[in-house]
Amino acid sequence: MTPPRTPAPEPSAAVRRAVKRHVWNEPRTFRAATALGLEPWLEEEIRTIVGDELGAVRTVPGATTFDAPFDVAFALLLRLSVADALHLRLAEVPADAFPMLRGRLDRVRFDLWLPAAPRLRVEVRSRRSRLRDEEGLRRTVVQAVRAAGVAATPPTGDGPEGRDATLRVTLDRDRAEVWLDAAGAPLHRRGDADRPVVPGSLRETTAAALARFGTPPDADRVIDPFCGSGTVLEEVAAHLDDRPVGARRRFALERSPVWREGRMRHERRRADGDRRMHAARFVGIDRDRSATDAARAALEASGADPDRFAWIVGDARDPEVARAAVGHAVRPALVTNPPYGRRVGRDADEADALLAAVLPRFSGASVALLYPRPDAVADLPGIVVEEVVRVRMRGLANAMIRGRIA
Ligand SMILES: C[S@@+](CC[C@H](N)C(=O)[O-])C[C@H]1O[C@@H](n2cnc3c(N)ncnc32)[C@H](O)[C@@H]1O
């Protein structure tokens, strides 16, 4: 977690004035990162959150770079559900040689962006550039930061809790870009405390993309027959309710002189005012009681209304369990991350057979799966596959599959 161990020191009046003049009212370049394959949802979210004020947008595998007024940082931090990180560009300078780089970095007002005495992490990546000595590059950046009056010290450990700010410096074709990490702990962490999870749990950002990809807006019951610790249902509920997923966590930018607490309060109030409560109810099934216990506990911490959720301990192949889950729903929707089977062969066949036994129990429902074998799903009798999107999760090929159960 990122929250400061001590309150951030108040910036000087001169820094405050300069922040107002040079940061708050200026456009900025942002970069949001996500898992490979989830870029379309990331870009769509950015367009929705920033609206008319969005400038140039460029999406590459794993990230979207875009121009927008600085102030949208607050809504982005609160609302981005598919992004793992949000960075703000502080500088873009030529970097043919160390003295030139140092000279250019000395003009950057790091004192406007960094707390007065941060534990600072500097990450460097150099490609297709003459300057490749990453240790030398890191030293040069730290020297420029100190020359700007920022008393930076090294981080105290590798985790986000051991630092107050992170700069990422990327060199490409002899140009250096300096980016400030606005989030701190990755954005898939929705709260400051660790979420209770079971083995095989999905990352929240992937669950959010599956929710956006596969939940019909008029669903009246959303069922996850393999709910594990409930990540998918929680993200579906946040999506349908339009609830900001970052409302329960802190951000590294809070320690920066550019932070506008009033602006963040305004965004939170606006989110509360806009709050709609979708009519859908949510049902999670898992045969493992410790999974549904973890799901219930995570949900209580999430701010969702627990009365809209039901957890069933049972085997999703059991027709009674499926009937209880569907109840009187008219437009049921399955959204789930089933067991995959780790090895191709027997494990995978078993996982395919489990889907073959479970999905027909929910005939008439829409279905969205995160599952690595879309062909096996398309071959199941009674399943109509409408769309497949390939994604990569923690380096492994996977797919989001959407369709109907006839
Ligand atoms: C891949 S995990 C789901 C993880 C979940 N998406 C999350 O993020 O926590 C699969 C879950 O399916 C459950 N499961 C496996 N076979 C089942 C069955 N026949 N009926 C119900 N649940 C089952 C397992 O107990 C496990 O919790």
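The values are calculated or read from the model by the stated rules, or taken from the named source; none is laboratory data. Computed from a predicted structure; not experimentally measured. So basically every Cβ, Gly included, is an ideal-geometry build from the backbone, and we count neighbours across all protein chains shown. For the accessible areas, the whole protein counts, side chains as well, though only heavy atoms, and no ligand, DNA or RNA atoms are used. Shrake-Rupley method; radii C 1.70, N 1.55, O 1.52, S 1.80 Å.
Please identify the pairs in which a residue from segment 373-393 that is open to solvent by less than 40 Å² (accessible area, probe 1.4 Å) has its Cβ atom under 6 Å from the Cβ atom of a residue that is among the charged types (D, E, K, R) and not in a strand (DSSP E or B), counting only partners at least 6 apart or on another chain.
Taking only residues 6 or more apart or on different chains, the pairs are Ala376/Asp352.
Given the conditions (1) assigned to a helix (DSSP H, G or I); (2) modelled with pLDDT of 95 or more; (3) within 16 Å of the ligand (Cβ to nearest atom), which single one is not true for Glu254?
If we test Glu254 against (1) assigned to a helix (DSSP H, G or I); (2) modelled with pLDDT of 95 or more; (3) within 16 Å of the ligand (Cβ to nearest atom), just (3) comes out false.
Condition first: of a type outside the set (Gly, Ala, Ser) and not in a strand (DSSP E or B). Now tell me which residues in segment 179-195 satisfy that.
Pro186, Leu187, His188, Arg189, Arg190, Asp192, Asp194, Arg195
Considering every residue within segment 220-235, establish whether at least one is under 18 Å from the mean Cα position of the chain (by Cα), within 21 Å of Glu267 (Cα to Cα), away from the ligand (no atom under 16 Å from the Cβ) and crowded, with 22+ Cβ neighbours inside 10 Å.
No: zero hits.
So in segment 321-346, with the set limited to residues that are open to solvent by 30 Å² or more (accessible area, probe 1.4 Å) and touching a helix residue (DSSP H, G or I) at 6+ places or on another chain (Cβ under 6 Å), which one is farthest from the ligand (Cβ to nearest atom)?
Among them, the one singled out is Tyr340.
List every residue pair whose Cβ atoms lie under 9 Å apart, where the two residues are 6 or more positions apart in sequence or sit on different chains, the first residue falls within segment 340-359 and is of a type in the set (Val, Ile, Thr), and the second residue, located anywhere, is open to solvent by 60 Å² or more (accessible area, probe 1.4 Å).
Every condition considered, the pairs that remain are Val358/Arg317.
Taking segment 353-372 as the region of interest, how many residues are in a loop (DSSP other than H, G, I, E, B) and open to solvent by 20 Å² or more (accessible area, probe 1.4 Å)?
3
From the list Ala35, Ala8, which one is modelled with pLDDT under 95 and more than 21 Å from Arg189 (Cα to Cα)?
Answer to the check: Ala8.
Do you know which residues across segment 133-178 are touching a Phe, Trp or Tyr at 6+ places or on another chain (Cβ under 8 Å), in a strand (DSSP E or B) and either of a type outside the set (A, V, I, L, M, F, W, C) or open to solvent by 10 Å² or more (accessible area, probe 1.4 Å) (or both)?
Residues satisfying the conditions are Arg168, Thr170.
Considering Asp318, Asp307, Asp286, which residue is of a type in the set (Asp, Glu) and either surrounded by 19 or more Cβ atoms within 10 Å (Cβ to Cβ) or in contact (Cβ under 8 Å) with a residue 60 or more places away in the chain (or both)?
Being of a type in the set (Asp, Glu) and either surrounded by 19 or more Cβ atoms within 10 Å (Cβ to Cβ) or in contact (Cβ under 8 Å) with a residue 60 or more places away in the chain (or both) holds for just one of Asp318, Asp307, Asp286, which is Asp286.
What's the number of the only condition in (1) within 19 Å of the chain's Cα centre (by Cα); (2) open to solvent by 10 Å² or more (accessible area, probe 1.4 Å) that Arg255 fails to meet?
All conditions are met except number (1).
Is it fair to say Gly246 is assigned to a loop (DSSP other than H, G, I, E, B) and open to solvent by less than 30 Å² (accessible area, probe 1.4 Å)?
Against the criterion (assigned to a loop (DSSP other than H, G, I, E, B) and open to solvent by less than 30 Å² (accessible area, probe 1.4 Å)), Gly246 qualifies.
Quick one: is Thr59 more than 16 Å from Asp181 (Cβ to Cβ) and part of a helix (DSSP H, G or I)?
No.
Taking segment 111-164, which residues are touching a Ser or Thr at 6+ places or on another chain (Cβ under 9 Å) and either farther than 24 Å from Pro94 by Cβ or not assigned by TED's automatic domain parsing to the domain that holds Leu101 (or both)?
Result: Pro115, Ala116, Ala117, Pro118, Arg119, Arg121, Pro155, Pro160, Glu161, Gly162, Arg163, Asp164.
Looking at (1) crowded, with 19+ Cβ neighbours inside 10 Å; (2) under 30 Å from Glu43 (Cβ atoms); (3) not small (Gly, Ala, Ser), can you tell me which one Glu92 breaks?
(1)
Quick test of your reading of the structure: Asp349 fulfils all but one of (1) open to solvent by 20 Å² or more (accessible area, probe 1.4 Å); (2) touching a Leu at 6+ places or on another chain (Cβ under 8 Å). Name the failing condition by number.
Status for Asp349: all satisfied but (2).
Mind listing whichever residues of segment 72-99 are outside any strand (DSSP E or B) and β-branched (Val, Ile, Thr)?
If the condition is that a residue be outside any strand (DSSP E or B) and β-branched (Val, Ile, Thr), then Val72, Val82 are the ones that fit.
Which of the numbered conditions does Asp164 fail, given that it passes all the others? Conditions: (1) touching a strand residue (DSSP E or B) at 6+ places or on another chain (Cβ under 7 Å); (2) among the charged types (D, E, K, R); (3) farther than 23 Å from Ala14 by Cβ; (4) at pLDDT 95 or above.
(3)
Residues of segment 118-132 being over 20 Å from Glu161 (Cα atoms) and part of a loop (DSSP other than H, G, I, E, B), which ones?
Arg128, Ser129, Arg130, Leu131, Arg132
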